[in-house]
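Some notes on the structure that comes next.
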Amino acid sequence: MQPDIWKKKTHALLLLARTGYEGNKINFKPTRVDQAVMDAELMVKQINNKFRIKTDFSLLPEDSMRLKVNGVLPLLHLAFSNIISNACKYSSDQTAYIALGASKDKVVIVIKDNGIGIPEKELKHIYDPYFRASNTLNYSGYGIGLPLARNIIHMHNGQLRVSSIEG
């Protein structure tokens, strides 16, 4: 992994670790979600040049202000890069599909893959720290990325929804 990638990830993790410590608060400010997604996409490709990402911008609103949320760019970047990386890693063709859209009151990001899926009975555990689905034993990982991404998205008053079909 390149030094600047490590620096970005470390910075985001330190920001997250400092929250609540000695009264420290994260400074939320207007942040373009599409920029966080595009930065995450670039990072994922730098981490593994075999990963492919196809992004659909056709649903973007004409008013770019609808893409702004009160947030912290490094944290959103960390959450999105983890989800995109997982989508690529667990897909046989190592491809993730991303679509971005926004309405008056929310931004929607859809990240899809054609991967191995998650066994239905294990879906309820995917946000448990260190949990890894039974069909991921041949893949590297620690089971902390998805819980971390979910917590970051919740901090930004968002929701992370996962639907999966094994196979």
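Note on the range 32-67: residues that are part of a loop (DSSP other than H, G, I, E, B) and surrounded by 18 or more Cβ atoms within 10 Å (Cβ to Cβ) total 1. Of all the criteria given as (1) in contact with a Ser or Thr (Cβ under 8 Å, 6 or more places away or on another chain); (2) of a type outside the set (Asp, Glu); (3) farther than 24 Å from residue 143 by Cα, the one not satisfied by residue 107 is (1). Scanning the range 109-153 for residues that are more than 17 Å from the chain's Cα centre (by Cα) and of a type in the set (Asp, Glu) yields 120, 122.
Does residue 144 satisfy being under 30 Å from residue 67 (Cα atoms) and among the β-branched types (Val, Ile, Thr)? When the stated conditions are applied, residue 144 passes them. If you go through the range 110-142 and pick out every residue that is out of contact with any helix residue (DSSP H, G or I) (no Cβ under 6 Å at 6 or more places or on another chain) and part of a strand (DSSP E or B), you end up with 4. On the given criteria, is residue 101 more than 16 Å from residue 153 (Cβ to Cβ) and touching a Leu at 6+ places or on another chain (Cβ under 6 Å)? Judged against the criteria, residue 101 is a match.
Every number in this text was worked out from the coordinates using simple rules, so none of it is lab data. Treat the numbers as computed from the prediction; the structure is a model and nothing was measured. Backbone-built Cβ (ideal geometry, glycine too); neighbour counts: all protein chains shown.
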